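The values are calculated or read from the model by the stated rules, or taken from the named source; none is laboratory data. The structure displayed is predicted, hence computed values, not measured ones. All Cβ positions, even for glycine, are placed from backbone atoms using ideal geometry, and neighbour counts span all protein chains on display. Side chains included, ligands, DNA and RNA excluded: accessible areas come from the protein's heavy atoms. Shrake-Rupley method; radii C 1.70, N 1.55, O 1.52, S 1.80 Å.
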Amino acid sequence: MNFFVFLFGLFIVVLSLIDALWTALWVDGGAGPVTKQVTNGVWWIIKTLIPKKRNYWLSLAGPVIQTLIAFVWVGLLWIGWVIMFSADETALLYTRAPEKIPSDLMDRIYFVAYSMSTMGNGDTYPQGDIWELAASFTTFSGMFMITLVVSFVLSVIGGVTTKRALASQITGLANSSEDFLINSWDGEKFAGLDLFLMSISTQVGQLAEQQLAYPILHRYHGASLAEDSAPAIAVLDDALTLLRFGIQKPYRPTPLMLKSARATVQTYLKTLASASIYPAAHPPVIPDLSLLRKAGIPVVSDEEFLQSVDQLAHRRKLLLGLVQRNHFRWPK
């Protein structure tokens, strides 16, 4: 038996299992090393080939990447076991011929495939205790990998659903931060805004945890502005900035609720580094207080507001970088 070939195959098997476990089950670990390289590589290719403003085609990036990841996990496991059984020419015997003969490469590929998929025995059998044990582990690892793939797919789909629900809830109210406040103003106060912020904060916090656990969620994009969470988060954060620094103090929402909502968005922004999303070169346009004045909303002076917004330059650059990476313009 060629021990070098055997160990090389074992390394690939272990690598595939560790990467799948890392990505699918380790909540704080993000993507595994192989998954991360596949995700970034495929995303770079898709982003390069698809022109800007073709958000429909970009929305296919997430499903394509997730499908490729599943194929990579299963493929590495398959290749690893084939290499291990190739370490010994007599590890597998072909029994359909009048005399048992050592299997060739295609026989090994076939044997590993039906063993991993638990389809039952074929015409090739392992010879000796070591290879019988290896065949058993082939079946076990195949079942285990299928379970991990299903778990991973379901978890990511749950995260995508959260992204879509969050986007539709925010954009259903407004497509800009100024409209967000105007639509919430009843002439005397921001009616029901505390409850809305509580609900939105919960969803943003849930999405932040899901994106930290499954960075591939950053590769799922909506085909339109109303379906994508990136511009929705930008609208929400600018609205929170207006509420915190642009509205006169007696008319602001509950300070604790406002602080909690802003902290939740900040937690969301911390997940962007795992997907290589970085701040833009300059901050986006500043919300227009004159629109709020025309709606009869009591606001602070422009000078006071600009001074406060200047301190949020890095945060707003990061939001702009997120929006631009998703091929959208800053909502206004």
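Quick notes on this one:
- Within region 221-236, the set of residues being open to solvent by less than 10 Å² (accessible area, probe 1.4 Å), in contact with a Ser or Thr (Cβ under 9 Å, 6 or more places away or on another chain) and in a helix (DSSP H, G or I) comprises Ser229, Pro231, Ala232, Ala234, Val235, Leu236.
- Of the residues making up region 178-220, those that are within 17 Å of Thr264 (Cβ to Cβ), open to solvent by less than 20 Å² (accessible area, probe 1.4 Å) and of a type in the set (A, V, I, L, M) are Leu193, Leu197, Ile200, Val204, Leu207, Ala208, Ala213, Leu217.
- For the criterion of being buried (at least 18 other Cβ atoms within 10 Å of the Cβ), modelled with pLDDT of 80 or more and under 17 Å from the mean Cα position of the chain (by Cα), Gly41 fails.
- Scan region 14-40 for residues that are closer than 14 Å to Ala70 by Cα and either in contact with a strand residue (DSSP E or B) (Cβ under 8 Å, 6 or more places away or on another chain) or among the aromatic types (Phe, Trp, Tyr) (or both) and the total you get is 1.
- A Cβ distance below 6 Å, combined with a sequence gap of six or more or placement on separate chains, defines the contacts here; from region 306-319, residues that are touching a residue at least 24 places away in the same chain (Cβ under 8 Å) reach residues that are of a type in the set (Phe, Trp, Tyr) and in a helix (DSSP H, G or I) in the pairs Ser308/Phe245.
- Residues satisfying the stated conditions in region 76-104, i.e. modelled with pLDDT of 85 or more and either open to solvent by 70 Å² or more (accessible area, probe 1.4 Å) or over 26 Å from Gln127 (Cβ atoms) (or both): Trp78, Ile79
- Some residue of region 38-50 being of a type in the set (D, E, K, R) and closer than 25 Å to Asn326 by Cβ: yes
- The condition (being open to solvent by 20 Å² or more (accessible area, probe 1.4 Å), in a loop (DSSP other than H, G, I, E, B), out of contact with any strand residue (DSSP E or B) (no Cβ under 7 Å at 6 or more places or on another chain) and not hydrophobic (A, V, I, L, M, F, W, C)) is satisfied by just one residue among Arg329, Arg315: Arg329.
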